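The values are calculated or read from the model by the stated rules, or taken from the named source; none is laboratory data. This structure is a prediction, so every number in the text was calculated from the model and none was measured. Glycine gets a Cβ as well: all are built from the backbone with ideal geometry, and neighbour counts include every protein chain shown.
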Amino acid sequence: MSQTQDNLIVVLDAGSAWTRVLAADLNEGALRYRGHGVVESAGMRKGLISELGPAAKAVKAANEQAERVARANIDECAVGVGGPHIRGLNTNGRLDIGSRMREITREDVRAVVERARAIERPADREILHLLSRQFILDGQPGIFDPVGMVGACLEVDLHIATCSGSALQSTVTCANRAGLEVTEAVLESIAAAEATLSADERELGVCLLDVGAHSSNIVVFFEGAVAHTGSVPVGGAHFTNDLAIGLQMPVAQAERLKRQYGHCVVTAVPQQATVEIANPQPQNLPLRTVAEILEPRARELLYYVKENLRQGGVVDALGAGCVLTGGGAMLPGLLDVTESQLRVPARTGMPVRLSNMPGELVHPSFATVIGLLLYAHRTRVTRAAENNSLRAKLRAIFASSY
Ligand SMILES: Nc1ncnc2c1ncn2[C@@H]1O[C@H](COP(=O)(O)OP(=O)(O)OP(=O)(O)O)[C@@H](O)[C@H]1O
Ligand SMILES: [Mg+2]
């Protein structure tokens with residue numbers, strides 16, 4: 001196996017159902033798939049790590065699969081963070097530049113963002129992302145980057161995405177125990193958005209709903225910026241458990257039934273349609289009975305989503321509708337329930353395809369891990385650009401002092 005290569009980018013999505021590792025490298029400026037590993041998650045409960053040992057073992061197994069395919073040693077990665085502990089809030093800050101107008105510097109931007117983030121937050125909250133929604137210069141809103149503009153008063157509207165500090169620490173510890181150093185933590189919904197949304201959708205207003213196994217992550221973009229982030233405690237596993245309880249069958253059988261015959265709009269299922277099942281006793285089960293169990297759960301999920309959007313003040317900001325991704329988005333009828341509950345158009349979010357990537361990864365359940373890779377790549381490019389400009393500045397300073 002070759003040594004870790006400098007241009008290899010690796011990401012880890014330790015989901016509540018599946019643990020995924022994806023590796024890519026840069027080939028003539030474009031990301032090229034190198035390898036991936038997927039194993040069933042372990043040591044998870046209600047979307048959180050409940051036992052470090054089994055969770056770390058799953059990460060190690062997924063990483064070893066990725067290493068074999070990529071033919072490289074992997075010892076660091078970016079991780080996704082998601083789940084019911086995610087909360088977002090909007091704040092603002094203001095910086096008076098002085099009595100006279102002058103050019104806005106990078107330091108002014110840092111200072112105004114610092115003021116906006118200096119809010120009281122509960123002890124166990126970690127900031128994952130500080131996302132500027134807009135800058136306002138001398139009352140003129142809608143500014144994306146004010147550096148170099150001239151003014152006397154700079155304001156910022158900021159979105160702060162936070163997570164539970166202990167949940168984040170558990171994810172990092174779990175990766176460490178699997179032999180991986182964590183280079184950065186990224187909100188899973190923002191990653192999934194990276195892989196599925198178009199620039200137009202972000203501009204017009206869109207809700208990305210990542211339906212995982214134990215929770216569903218939400219991010220809303222409006223006018224090109226993140227306007228809201230959140231999570232609701234319902235995911236695909238709740239649908240499966242409802243079937244297992246309602247039809248008195250093992251969870252594994254309920255999962256198969258849901259995937260093969262599930263639908264969450266009762267009236268869309270033909271009245272006579274049945275499926276032969278062996279448990280709890282041999283019978284022809286009407287598919288409408290299955291849909292009658294799934295539909296209320298789908299309505300509940302979308303009810304929580306709507307409430308979450310209402311609390312975030314973005315329920316009327318979805319000009320481009322709602323995009324459903326994550327494995328749970330594959331449930332037939334969920335798009336219809338979304339459209340009728342949120343009263344906006346809905347579509348399935350398929351992730352973009354990296355060069356060389358196997359076709360099986362072009363599936364909503366891979367949107368987060370592919371998005372993590374795109375995000376980690378962008379971070380690397382931005383850092384390299386910053387380093388270059390710093391180096392250029394230093395060169396200029398040294399050149400002028402001789
Ligand atoms: N074809 C399908 N039809 C219906 N549901 C599906 C289908 N395929 C996968 N699912 C559901 O998707 C869920 C898993 O989705 P995903 O792999 O995105 O979760 P995860 O990332 O591991 O979890 P989380 O994001 O909550 O941490 C499971 O509940 C599974 O039942
Ligand atoms: Mg997920």
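ALA298 falls short on exactly one of the conditions (1) within 14 Å of ligand 1 (Cβ to nearest atom); (2) touching a Lys or Arg at 6+ places or on another chain (Cβ under 9 Å), and that condition is (2). Please work out if VAL39 is surrounded by 24 or more Cβ atoms within 10 Å (Cβ to Cβ) and under 17 Å from PRO358 (Cβ atoms). No, not satisfied. Taken together, the criteria exclude ALA178 from residues that are within 16 Å of ligand 1 (Cβ to nearest atom) and in contact (Cβ under 8 Å) with a residue 60 or more places away in the chain. For region 295-303, does any single residue satisfy the condition of being touching a Cys at 6+ places or on another chain (Cβ under 6 Å), among the small types (Gly, Ala, Ser) and either closer than 30 Å to ASP200 by Cβ or assigned to a helix (DSSP H, G or I) (or both)? Yes, there is a match, as at least one residue in region 295-303 is touching a Cys at 6+ places or on another chain (Cβ under 6 Å), among the small types (Gly, Ala, Ser) and either closer than 30 Å to ASP200 by Cβ or assigned to a helix (DSSP H, G or I) (or both).
Could you check region 106-216 for helices (runs of 4 or more DSSP H) lying wholly inside it with 3 or more residues that are within 16 Å of ligand 2 (Cβ to nearest atom)? In region 106-216, 165-177, 188-196 are the helices (runs of 4 or more DSSP H) which contain 3 or more residues that are within 16 Å of ligand 2 (Cβ to nearest atom).
Just a yes or no: is a residue in region 312-331 assigned to a helix (DSSP H, G or I), at pLDDT 95 or above and among the hydrophobic types (A, V, I, L, M, F, W, C)? Checked region 312-331: at least one residue is assigned to a helix (DSSP H, G or I), at pLDDT 95 or above and among the hydrophobic types (A, V, I, L, M, F, W, C). Within region 36-51, is there a residue that is over 18 Å from the mean Cα position of the chain (by Cα) and away from ligand 1 (no atom under 16 Å from the Cβ)? No, that holds for no residue.
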